[in-house]
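Inspection log for the structure reproduced underneath, given as structure tokens.
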There are 2 protein chains.
Amino acid sequence: MRDNNDMPGHLIRRLQQIAVAVFHSEAEAAGYDLTPVQYAALAAISTSPGIDQVTLAGLIAYDRTTITGVVDRLAQKGLIERQASSRDRRARELTMTPEGKKTLEGITPAVTAAQQLMVRGLTDDETEELMRLLRKAIAAGNELSRAPLRQV
Amino acid sequence: MRDNNDMPGHLIRRLQQIAVAVFHSEAEAAGYDLTPVQYAALAAISTSPGIDQVTLAGLIAYDRTTITGVVDRLAQKGLIERQASSRDRRARELTMTPEGKKTLEGITPAVTAAQQLMVRGLTDDETEELMRLLRKAIAAGNELSRAPLRQV
DNA sequence: TCATTATTGACAGTATACTGATGATCAGTG
DNA sequence: CACTGATCATCAGTATACTGTCAATAATGA
């Protein structure tokens, strides 16, 4: 019988759990109540103001159904605003509030720290190699998920 | 600003999504309705009959709260049985049913196929290296998650 | 033995992720 | 312009994951 430790799926799941836990503890220690998912969405909206939800989902590889809830919570926290688009009445344009900008700037050091902490068992070279392999595997499997990356 | 593609956390999350999607489609194609999480739990119960839920959670690095629902669903599908332990009246001993054994055996080829498919962009050597790096990072971060691995 | 502490399983509540469906709207074609 | 098909956002439902809490029970130490 194949051991869990020889299953890529199991190992990926475990490191993901650790990554999320590290993110939460770093963010909380810095005084912010933001999930990894919410952070990524906020950062993407910051880079692409006025973006609609489907495009946002594609940029960060989220399911379009998931993004609804994430955007809801960001709006509820006053970090972003959602307004109907004038060009397409189906779409909602997402923009950051000043509060959102302040939060994004403030939390960034904690996010950077978390990224290092979650691979603290690896050397810098090993981390680079891990990221290279992850990128390569993701590129080949991108279309297998319901939430593929869609670069604009 | 740091790109998503340079963030280990983002890359890990994406590959995890792909891994789960691949597992589902392979399992479904083989005629089974079992999630990756349910499969791992079933396999662990098969290896360690009579195990209690906390020990099971430790073996596969699940949160003890999560395991309750997983075990519920496996029991509801008739794949496992839950009975009060005679040694410890708090604990529930988990055992497989014949149906569970049949399911586990039947689904195993699909699981193996899924493990290969989710890293189909990598060569065999690269897959080995990816698993090595994942194991090393996980070992260093094990205690950072609420659901660490607890080998017996 | 008795009081304190720890452990097991469960529950409520929140946040991803997904499947599948729906209403509103847009774009392209005849 | 009317029709068809695609797209945007949302919803209902299911399954992880987590935080924090609780009752029942076990284990430990004074």
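The values are calculated or read from the model by the stated rules, or taken from the named source; none is laboratory data. All of these numbers come straight from a predicted model, not from anything done at the bench. Positions of Cβ are backbone-derived with ideal geometry, glycine not excepted, and every protein chain shown enters the neighbour counts. When the accessible area is computed, the model is the full protein with side chains, heavy atoms only, and any ligands, DNA or RNA have been set aside. Shrake-Rupley method; radii C 1.70, N 1.55, O 1.52, S 1.80 Å.
Tabulated data for the structure shown
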| read-out | value |
| --- | --- |
| Within segment B:17-62, tally of residues that are under 12 Å from the mean Cα position of the chain (by Cα) and within 12 Å of DNA strand D (Cβ to nearest atom) | 17 |
| Residue ID - surrounded by the fewest Cβ atoms within 10 Å (Cβ to Cβ), chosen from residues in segment A:112-130 that are touching a residue at least 60 places away in the same chain (Cβ under 8 Å) and within 10 Å of chain B (Cβ to nearest Cβ) | A:Leu117 |
| Which numbered condition B:Thr103 misses (of (1) more than 12 Å from DNA strand D (Cβ to nearest atom); (2) within 14 Å of another protein chain (Cβ to nearest Cβ); (3) within 27 Å of A:Leu144 (Cα to Cα)) | (2) |
| Subset tally (residues that are near DNA strand C (Cβ under 7 Å from one of its atoms) and touching a Leu at 6+ places or on another chain (Cβ under 9 Å)) for segment B:50-70 | 2 |
| Segment A:29-49, subset in a loop (DSSP other than H, G, I, E, B) and out of contact with any Ser or Thr (no Cβ under 6 Å at 6 or more places or on another chain), residue nearest to DNA strand C (Cβ to nearest atom) | A:Thr35 |
| Count of segment A:106-144 residues which are within 16 Å of DNA strand D (Cβ to nearest atom) and more than 16 Å from the chain's Cα centre (by Cα) | 2 |
| Residue count for segment A:9-25, restricted to those that are open to solvent by 30 Å² or more (accessible area, probe 1.4 Å) and at the interface with chain B (Cβ under 7 Å from one of its Cβ atoms) | 3 |
| In segment B:53-74, the residues that are in a loop (DSSP other than H, G, I, E, B) and surrounded by 19 or more Cβ atoms within 10 Å (Cβ to Cβ) | B:Ala61, B:Tyr62 |
| Hits in segment B:75-111 (condition: open to solvent by 50 Å² or more (accessible area, probe 1.4 Å) and part of a helix (DSSP H, G or I)) | B:Gln76, B:Pro98, B:Glu99, B:Lys101, B:Lys102, B:Glu105, B:Pro109 |
